[in-house]
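Accompanying notes for the structure given below.
Values in this text are rule-based calculations from the coordinates and carry no lab data. Every value quoted in this text rests on a predicted model; they were computed, and no experiment measured them. Every residue, glycine among them, receives a Cβ derived from its backbone with ideal geometry; neighbour counts consider all protein chains shown.
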């Protein structure tokens, strides 16, 4: 492994915390940090995305994972995060590794300005040989507003820093075509099309919020960003370098096709739906074939309470998602503009601006390599005149 790489490593709660007494697995943490410290000394840039704060804090709020509600988990995260970071700092100091904590929310990753601010912070940490340790800020996350799992968060981070490798360490040695406890299960060494494996990956781990399904979604997000994903077992001795040096088996998710610009990649990899637009079949065909924008006359209905600069998901009347793009208007302004399509924009909303709801330069047409998101089950707001 002679090339110096940017490597994002994700570890979950099931590796870091003992499921019976909800305490740290120090042997695993020591082996992990030792390995990452050596990789950094060898010239690689390393980012660790780490779960564990909720699991480690549950004892303090007197709850078990199976009966903890959202408020319990928020409180547990507030208790467990200092324990987790203190342990990382103590172990890292043994290997002369400096670490920094970064807590993020879904809003941070979905807002373009915040996204770039986080990226700039990580780049500055790299310049000072400091390894960022990133976790979702579970103490303020809610059921409806959260990254939902650190697998997808790690993919967003890999996209952010244009990583070479995303390594997801888990409790199994990779992906199987069915439950690995099944005697007939076959190990899958390499994946090109993630969508072919979604139906066989629906289980969720006891301590974590994700399972193999979220790892497949993360792998697809990384693929779209030009990042190779490796799913491997989180062993104690050299868990990362042993994979990079191909000393044991793992599942590799390949990069598919050409990688779009950083903005288009950011548009494609979404963690939540801010809002949706429904357009006619003719409009959809024009967007897909001519890569044109979407005007107020093109909109049949919309969903969501979105703001200017949010990413909207564009669907056909049949429910097929065809594109994602940055909106130039809020949901209220979009409704007013669509209902008054013959009136100049300035007269409708009170200021002069671009007329397209989504400009052609800020729209990404989805391809086969992108996993579509189903339209939310909300009431649609009809915006065309009756």
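Listing for the model above:
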read-out: Contour minus Cα-Cα distance for residue 67 and residue 116 (0.36 nm per residue); value: 13.9 nm
read-out: Highest-fluctuation residue, 36, 153, 198 considered, GNM on the chain with Cα pairs under 10 Å; value: 198
read-out: Sorted by Cβ density within 10 Å, fewest first, the residues 5, 62; value: 62, 5
read-out: Ratio Rg/Rh, restricted to the stretch 273-382 and using Cα atoms, in which Rh is the Kirkwood radius; value: 0.94
read-out: Selected from 291, 324, 113 as most flexible by GNM, with the chain as the system and alpha-carbon contacts under 10 Å; value: 113
read-out: Calculated Rg and Dmax of the stretch 268-321 using C-alpha coordinates, Å; value: 11.0, 29
read-out: P(r) weight above 22 Å for the stretch 221-326, C-alpha pairs, percent; value: 49
read-out: Protection proxy ranking, peptides 69-82, 119-132, 41-54, average beta carbon neighbours within 10 Å, highest first; value: 41-54, 69-82, 119-132
read-out: Kirkwood Rh and Cα Rg combined as Rg/Rh, the chain; value: 1.00
read-out: Residue 187 versus residue 86: modelled label distance in nm, points set 7 Å from Cα along the beta carbon direction; value: 4.0
